[in-house]
Every structure is written in structure tokens, then in C-alpha cells.
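Have a look at the structure below, then the notes.
The values are calculated or read from the model by the stated rules, or taken from the named source; none is laboratory data. Everything numeric here is computed off the predicted structure, so don't read it as measured data. Don't worry about glycine lacking a Cβ; one is built from the backbone with ideal geometry, like all the others, and counts go over all protein chains shown.
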Amino acid sequence: MDVTKKAIGMLDSGVGGLTVAREVMKTTPAEKIIYFGDTLHLPYGPKPKKDVKKYVYKIIDYFKQRNVKTIILACNTATSMLLKEARQEIKMPMFGTIDGVAARVKSVSENNKVGIIGTKGTINSNAYQEALKKEVTEFEIHAKACPKFVELAEKGDFEGEKVEEIVREYLLPIKEKGIDTLVLGCTHYPYLMPVIKKVMGENVTLVNPAETMASRAKNIMAVRGMISGKHEEPINFNEHEFYVSDLNKVSMEFLNKGTEFLKLPHLDFEEHNIFNNKNEKISY
């Protein structure tokens, strides 16, 4: 099969990775995406690496069966824990949300004081911190795990007093450090971007790794001759496939607000539990 006609496999611990899917759709609109959200094992952030690796590699095996041309780890926890070794072990082009972020931060930060927020697993891995230090050694980095943000996003709680209170609790200590750039090191966090921006203020630039990764993936795929020959003509949205491993953990509130937030025509999730082969379907 012509490699340009193959789909892109994209995985996340839940529905947060749809923020990455949206950026990839905008950047390479002719590419088909097969999205898999492992809601059965959500969240990945607090889990040990050995468990995350077991889940991620199972999904990668599924993508191999689907004969995808490349795999995107649309999950910061999986990226920070596994991207480097997965690239060495799996004979397939692979991209992660950390790709290109350091260069982006370097271009927008004026005082080299940078905040990084993410899951416990992402922050403890030091992947973003190390990437930034390689780009600019004098970066002053303030990293903080914000586990409640994932819960809010998955439930569709994108705004309101409760959300703002939680955001302030996590981010005001970082803001007080005088940072001028904040990396949203979790794919769920862009859903909360309006509130995060309100709390951090206009003087702090928010960096969404999904944007930098999508651009980098497009460039590398183009060089390798993997981009669809009709890359200027968007495919029909219905050609994309969206799967989760447990439909019970996908809230209708998220489907409602998430569809509107991502500016997608609709979201159709099919349950495909590759861990026990139970399949159902839900649409919004």
C-alpha cells in the first residue's frame, strides 16, 4: 500500500489528546487519523512507568495491525516517559508532544523565566525541563503538577468559579515567580486555556505543545515522502476514526463542550477495548 494513503495513529490516555488531533487536522488536513483514547486506564499521570508502557505498547500493537504510517503520542505523560525508548524499539516514525517545544519557548520568552505544568508523571520525568535546558542553559524553570486539571477537562468543566479557584490554587505560586512563558504540558490543559490565561494575565505567553508538534510532524513527514498527495484538499471528517477503551468514562458534558471548543462538526466514539475486545459505540 502507498505509504501516503495510510492513516496516522494517535494515542492518549483519554479525550485530552483531541486537542492534538485538532492541530494535526489543521496542519495536515488531508491525513486520516485513527485516534485511541485509553479511558479505561485514565489517568496515566500518577501511574508508574511500567504500567504506562504496558498500556501504550498495547495500543501501538493495535496501530501496527491497522497498518498506520506513523504514530503520534498525543499524551505528555507517555511522551515524557516513553518517546525516546519507543523510537529506538519500534521501527516506525513516531512523534510526541515534546517535539519542538524548546525552540518555541526560546523564541517567545524574553526573561528566560518559564513555567511548566503537567501531570505528576510528566513533571517527575524532567523531560520538558531537560529539553528546555538543552536549548537555553540559563532558563529559570518552575515546574508544577496539576492533576485536577485532567479531571476537570474529562468532565467537561472548562470554566466557572470552581474551575478558576482550582486554577488559581495551582498557578498563582508560579505566576509569583515572574515567568513570562507557561508550557501547557498536558493535552487536557488547552480546554482550560481561557481560565488559565485569565489567571496568568496578558504578560504570560501560553505555549501549547500540540501546535509545535503538529508543525514538526508535518515537516518531517513531508521530507520522508509520507504526506498525502492531496494534502491541500481536506478529507471528509467522517473518515477519521475515534476509539476509547471505556465509553463509561466519556462524559456527555465533555462531548457537548469539547465538540464546540475544538470546532469539530461532531464526535463519534466507538468503544474498542483492545484489552478485552469489548466493542460498543456512542455518538454526539
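Here are a few things to note about the model shown:
Let's see how each residue does on (1) outside the structural domain of THR77 (by TED's automatic domain parsing); (2) within 18 Å of ALA153 (Cα to Cα):
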residue	(1), (2)
GLU169	yes, yes
GLY225	no, no
SER228	no, no
PRO234	no, no
LEU262	no, yes
GLU271	no, no
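- When we screen ILE72, ILE90, ILE33 for residues that are out of contact with any Lys or Arg (no Cβ under 6 Å at 6 or more places or on another chain), over 28 Å from SER251 (Cα atoms) and either aliphatic (A, V, I, L, M) or crowded, with 20+ Cβ neighbours inside 10 Å (or both), the only hit is ILE90.
- Single residue of GLY229, GLY225 found to be at pLDDT below 90 and within 24 Å of PRO29 (Cα to Cα): GLY229
- Tallying residues that are over 11 Å from LEU192 (Cα atoms) and in contact (Cβ under 8 Å) with a residue 24 or more places away in the chain within the range 155-169 yields 2.
- Here the condition is being under 24 Å from ILE123 (Cβ atoms), outside the structural domain of HIS272 (by TED's automatic domain parsing) and not aliphatic (A, V, I, L, M); of LYS106, LYS50, LYS54, it holds for LYS106 alone.
- Qualifying residue in the range 3-19 (condition: within 18 Å of the chain's Cα centre (by Cα) and basic (Lys, Arg)): no
- Residue count for the range 20-77, restricted to those that are assigned to a loop (DSSP other than H, G, I, E, B) and touching a Cys at 6+ places or on another chain (Cβ under 9 Å): 4.
- Of the residues in the range 154-163, at least one is part of a helix (DSSP H, G or I), at pLDDT below 90 and either over 30 Å from LEU255 (Cα atoms) or not assigned by TED's automatic domain parsing to the domain that holds PRO46 (or both).
- The set of residues in the range 58-82 being in contact with a strand residue (DSSP E or B) (Cβ under 9 Å, 6 or more places away or on another chain) and free of Cβ contacts under 8 Å to residues at least 40 places away in the same chain consists of LYS64, LEU82.
- Lone unmet requirement of (1) within 15 Å of VAL101 (Cα to Cα); (2) in a helix (DSSP H, G or I) for LEU184: (2)
- For the range 217-239, residues that are assigned to a helix (DSSP H, G or I) and in contact with a strand residue (DSSP E or B) (Cβ under 7 Å, 6 or more places away or on another chain) total 2.
- LYS84 passes every criterion in (1) of a type in the set (Lys, Arg); (2) outside any loop (DSSP other than H, G, I, E, B); (3) not assigned by TED's automatic domain parsing to the domain that holds ARG22 apart from (3).
- Within the range 1-17, if we keep just the residues that are closer than 25 Å to GLY121 by Cα and hydrophobic (A, V, I, L, M, F, W, C), the residue that is modelled with the lowest pLDDT turns out to be VAL15.
- You will find that of LEU172, LEU184, LEU132, the residue that is without any contact (Cβ under 8 Å) to a residue 60 or more places away in the chain and closer than 27 Å to PRO48 by Cβ is LEU132 and no other.
- Summed over the range 238-284, residues that are surrounded by 14 or more Cβ atoms within 10 Å (Cβ to Cβ), under 22 Å from ALA217 (Cβ atoms) and at pLDDT 90 or above total 4.
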